[in-house]
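Comments concern the structure below.
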Amino acid sequence: MEIQPRPFGEVLSEGMALLARVWRRLLAPAFWSFTVLGGLTIVTLMTTGANDVVQLIMTDPLALEAFSDEELWDIAVQLGQTALVAGVLQLLAVGFLSLVAHTLVAAEMGGSPIRTGTAVSVALRRFPTLVLAGILAGILVILGLVALVVPGLWLAGAFTMTWPAIAVEGTGPIESLRRSFRLVRGRWWPTVGFVLLVGLMGSAAAQLVQLVALPALAAGDGVGFGAGLGFVFLMVLQGFVVAAIAVMTTRWYVDLRARQERLLSSDLT
């Protein structure tokens, strides 16, 4: 069956319908990938000593006034390094989980639903490609931002379909960037608008998640069982939000393909 392009609103509603069909199969990868992420983040905080600094700031903000400028600089560097490591870990978890979601949704739209394990296997095989493509895209976007800002922002929008291309088409690092560039060309504003809208919806959901998890995070002195459980709970539910955003992005990617080529449902499996 040939897939036809849809108006903006229909793509959004169809993405929601797809999420309703695949969300159960996303629970396990969301749980494991973001539980691992949460555990590695905790280990990073503990091993770098950043956890002690955070606890000091939370319990006694005025205590920082007793530190010298040199000590404050060392604390800032320590927190910055920890944040960088945590950010890289989160990007890796988001990328892997997105690959799983893209694969599941594409197979669903192709009329040949697959099991979670199959999608995870595909994601594992294509994960190194995602990492390399992400590094290349990051370098190009940063260069564009440093140059004139606008080229960097434009490239960031042009590369938004890179991960779905890797998951569904199995393209290489450079070809996936080119593929995303070609798909988004002529539809940059609608694509960025769709991604931003879906991101805002996900952000709102994440805020609701925090309202549930933060009380557990505040339990005890911040490093006890309650805090750890609350942190993991927060990370796992955020993982599901990430997967939901990836589902919606996959639907937009399929629509972009349908606008540029004769796309059959069998092409997505």
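Nothing in this text is a laboratory measurement; each read-out follows from the coordinates by a stated rule. Just so it is clear, the structure is predicted and the values come from calculations on it, not from any experiment. Every residue, glycine as well, gets a Cβ built from its backbone with ideal geometry; the counts of neighbours run over all protein chains shown.
Listed values, structure above:
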| quantity | calculated |
| --- | --- |
| Separation of alpha-carbon centers, segment 93-164 and segment 1-55, rounded to whole Å | 13 |
| Spin-label model distance (nm) - L124 vs W23, 7 Å beyond Cα toward Cβ | 2.8 |
| Difference of contour (0.36 nm per residue) and Cα-Cα distance, F31 to Q78 | 14.0 nm |
| Förster-model FRET efficiency, 41 Å R0, L40 and Q4, C-beta, rounded to 0.05 | 0.40 |
| Förster radius 22 Å - calculated FRET efficiency between L148 and W188 (Cβ-Cβ, nearest 0.05) | 0.85 |
| Extension reserve of the I135-S203 stretch, reckoned as 0.36 nm per residue once the Cα distance is removed | 22.0 nm |
| Full-stretch length increase - S112, D69 - with 0.36 nm per residue and alpha-carbon distance subtracted | 9.3 nm |
